[in-house]
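Working notes, beginning with the structure itself.
What follows is calculated from the coordinates using simple rules that are stated; it is not laboratory data. Note that the structure is a prediction, hence the values are computed from the model and not measured. As a convention, Cβ positions derive from the backbone with ideal geometry for all residues, glycine included, and neighbour counts pool all protein chains shown.
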């Protein structure tokens with residue numbers, strides 16, 4: 001007899017598991033977004049920090065409150081509410097009123113996720129649901145004067161512009177005169193490194209790309225989504241006779257392609273499906289810019305493709321080993 | 001070098017953890033104070049004991065047999081006295097009839113009662129009680145008797161040992177390559193195949209070298225990438241021949257017959273020396289004081305074996321019979337080693353999969369469909385099974401699951417995917433889904 005027997009537990013095979021955990025994955029996403037968040041605070045000041053705190057705090061509080069009211073076990077430790085709050089903050093302009101951001105985070109977690117049954121059950125990206133709610137509810141406030149207004153002082157030679165983003169001006173110019181009032185190529189550098197017109201996450205495309213590549217290298221996101229997305233936006237910009245580099249660096253394409261569209265829950269699961277989905281996001285984002293009524297279309301392009309994700313999954317099922325005829 | 005073979009879909013590469021035992025020569029475990037020999041150590045009909053309490057038996061003597069085709073007789077692994085016949089707990093957690101033997105003081109483990117049968121080599125393989133020693137324990141004679149309309153062209157010997165921790169097959173190939181090669185040739189001759197391939201994963205260079213040094217005309221040694229489940233029958237056939245076993249068909253439909261290397265060696269012993277299957281190499285490793293590859297008499301209790309290996313060390317959470325991906329967690333250590341016990345792996349707390357309370361959500365990360373070597377979508381099969389949507393699971397080919405466990409392994413929320421899929425699979429099978 002062995003007296004150790006009583007300490008031994010049984011369970012179904014496999015008896016070992018990979019080190020990947022949900023919390024670990026979420027924390028990697030957060031880590032990939034830390035540089036851009038810090039740089040936004042450094043560049044834009046404490047209003048940016050305030051926005052981050054309000055969005056993340058409200059997201060966490062909403063999730064905790066919902067779980068408590070629904071008498072379900074708490075889910076804060078899975079890290080998903082943290083990611084949602086962070087992404088929402090990065091998708092909003094720094095001068096978004098705190099109560100507006102709060103409503104956005106409440107909607108993101110409540111209507112974007114928990115009402116469907118929590119993590120894993122939502123059809124749409126919660127952060128984008130929150131952002132869409134805010135931008136639709138207070139369109140005038142956000143589109144006009146809420147961007148960070150230090151452009152005149154930024155020394156970038158952009159003193160004529162105060163209220164709208166570079167992308168918005170480009171769109172307006174294109175509609176008005178068929179051309180651009182400024183040199184798009186001159187915008188590469190500020191868009192890559194320090195762009196004060198726009199949301200927190202638009203502060204630096206370079207930092208977003210670095211974070212996205214980190215997640216690809218760590219095997220956390222699939223390269224097919226950002227590659228399909230960014231490639232398609234570039235292609236469409238080129239097809240419409242505009243500057244592809246400007247268009248992938250400006251606006252929400254980078255944060256959308258690397259961090260929003262790659263949300264596991266609301267994107268397809270097969271490799272082929274992810275490529276199709278990425279291309280679809282890029283297609284609608286690109287078309288939205290050139291033929292839509294808004295200067296930017298990232299939010300709605302991804303939300304639309306979220307809705308198609310289950311269909312894409314259904315149409316790109318893997319081939320079952322040994323089965324020759326696929327069942328319809 | 002790994003060259004020219006097809007790469008099977010999906011799979012994972014868990015930490016191998018073979019280094020503790022891969023260099024250790026096989027040593028014999030002394031005769032324990034009692035041996036418990038189950039009458040069912042194989043898939044198929046259990047044997048009926050042919051001895052009675054009080055009988056004296058000799059090593060190699062028949063203890064139990066049955067006339068069913070899918071079955072394998074059981075032999076005494078020591079000389080001694082039958083002290084009990086009755087149900088005992090097995091590694092699988094079931095209770096089966098077993099013959100308990102008190103060994104004689106004097107043992108000659110070199111000697112045994114040879115199997116003598118009238119008939120051909122297939123009859124001799126059956127009479128020696130040989131079963132698949134990789135863990136599946138399917139009676140070998142059945143595999144050696146494929147349906148008449150299926151011609152076997154290639155005999156594949158499985159020396160992949162893709163399960164982490166286990167090194168018993170590796171040591172067999174390093175120390176007795178000539179037995180493995182001889183077994184392969186016997187199998188080839190029995191089924192009339194033309195080609196013999198011994199497949200070994202790239203992480204066993206010593207085994208490859210030993211086999212190559214002893215290989216015979218017409219016996220090929222193929223080195224495959226180290227990737228679990230490389231040694232799964234369908235994946236192995238695909239890797240070597242590039243053919244998929246058709247859904248619902250026998251592997252023999254591809255013209256291939258797969259046997260484990262240890263089974264082949266046992267077949268060689270049976271045909272050349274009339275030796276019944278009475279002992280096997282068992283890798284005892286993980287959280288034990290003296291990990292090793294041990295030659296163990298069938299019927300030795302796991303508790304005795306672990307004691308011989310110096311006992312469990314530290315905070316052990318699970319003790320596994322077999323490898324950690326497909327083996328069985330032991331509810332008690334007082335269960336006997338049987339013909340299919342390739343390893344005893346003690347997993348410490350933190351190494352063993354943690355038990356998860358309550359439902360875990362699928363976050364749709366896509367890891368399980370990517371890792372599934374059968375091209376299934378484990379997340380949805382598990383969801384259907386959990387909701388008792390048996391027909392939906394069957395429609396998504398739940399029946400094709402080979403139960404390798406990579407889905408559960410890769411799942412970040414640690415959903416019990418395989419366990420749920422097993423439910424769906426057994427429901428589909430009981431409904432006659434083909």
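Can you give me the Kirkwood hydrodynamic radius for the protein assembly as shown, using every pair of distinct Cα atoms, in Å to one decimal?
Computed over Cα pairs of the protein assembly as shown, the Kirkwood hydrodynamic radius comes out at 29.1 Å.
Inverting the mean 1/r over all pairs of different Cα atoms, compute the Kirkwood radius of region B:315-423 and quote it in Å.
Roughly 15.1 Å, rounded to one decimal.
I'd like the FRET efficiency for residue B:108 and residue A:323, computed as 1/(1 + (r/R0)^6) with the beta carbon distance as r and R0 of 41 Å, rounded to 0.05.
0.15
Tell me, in nm to one decimal, what length is gained between residue B:247 and residue B:69 on full extension, where the rule is 0.36 nm per residue of separation less the Cα-Cα distance?
61.6 nm
For residue B:392 and residue A:72, what is the calculated FRET efficiency with R₀ set at 35 Å and r taken between the beta-carbons, to the nearest 0.05?
Efficiency at R0 = 35 Å is approximately 0.85.
For B:24, B:381, what ranking results if the residue with the fewest other Cβ atoms within 10 Å of its Cβ goes first?
The fewest-first ordering by Cβ neighbours comes to B:24, B:381.
Give me the distance in nm between label points sitting 7 Å out from Cα along the Cα-to-Cβ direction at residue B:313 and residue B:97, one decimal.
4.3 nm
Neighbouring Cβ atoms within 10 Å as the yardstick, rank B:374, A:44 fewest first.
A:44, B:374
Starting from the exponent 0.38 and prefactor 2.2 Å, build the expected Rg for region B:367-430 from its residue count and divide its actual Cα Rg by it.
On the way: Rg = 10.2 Å, N = 64, 2.2 N^0.38 = 10.7 Å.
Relative to the 2.2 N^0.38 Å estimate, region B:367-430 comes out at 0.95.
Over 19 Å, how big is the tail of the calculated P(r) for region A:22-142, in percent of all Cα pairs?
Values: 3122 of 7260 pairs.
That tail contains 43 percent of the Cα-Cα pairs.
Ratio of alpha-carbon Rg to the 2.2 N^0.38 Å globular estimate for chain B, to two decimals, please. The partial results should precede the final answer.
Details: Rg = 21.1 Å, N = 434, 2.2 N^0.38 = 22.1 Å.
It is 0.96.
Place a label point 7 angstrom from the Cα of residue B:356 along the Cα-to-Cβ direction, then list the residues of region A:100-120 whose backbone nitrogen is under 14 Å away.
Within reach of a label on residue B:356, which here means backbone N under 14 Å from a point 7 Å along Cα→Cβ, region A:100-120 contributes A:119-120.
Between residue B:150 and residue B:7, what is the label-point separation in nm under the 7 Å Cα-to-beta-carbon projection?
Computed distance between label sites residue B:7 and residue B:150 equals 2.9 nm.
Within a 10 angstrom radius of each residue's Cβ in B:363-376, how many Cβ atoms of other chains show up on average? Whole number is fine.
Taking all residues of B:363-376 together, the mean is 6.
By how many nm would the segment from residue B:194 to residue B:349 lengthen if fully extended, with 0.36 nm per residue of separation less the alpha-carbon distance?
Gain on extension, residue B:194 to residue B:349, equals 50.9 nm.
Counting each DSSP H run of 4 or more residues in chain B as -39500 (n - 2.57), what helix-only mean residue ellipticity at 222 nm follows after dividing by all residues, to the nearest 500 deg cm²/dmol?
Estimated from H runs of four or more residues: -7000 deg cm²/dmol.
Rounded to the nearest 0.05, what FRET efficiency do residue A:137 and residue A:210 have when you use their Cβ-Cβ distance and R0 = 30 Å? Before the final figure, lay out each step's value.
Values: r = 33 Å, r/R0 = 1.11.
Efficiency, rounded to the nearest 0.05: 0.35.
With the cut-off at 1.5 for a/c, could you classify region A:195-328 from its C-alpha gyration tensor as rounded, prolate or oblate?
Values: a/c = 2.30, a/b = 1.64, b/c = 1.40.
It is prolate, given that a/c is not under 1.5 and a/b is the larger ratio.
For a quick check, take a GNM of chain B with Cα springs below 10 Å and name the residue from B:224, B:420, B:257 with the largest mean-square fluctuation.
B:420
How many nm is it between the label spots at residue A:123 and residue A:38, if each spot is 7 Å from the Cα in line with the beta carbon?
Spacing of the two 7 Å Cα→Cβ label points: 4.0 nm.
Counting only Cα, what are the radius of gyration and maximum Cα-Cα distance Dmax of region B:122-161, in Å?
11.3, 31
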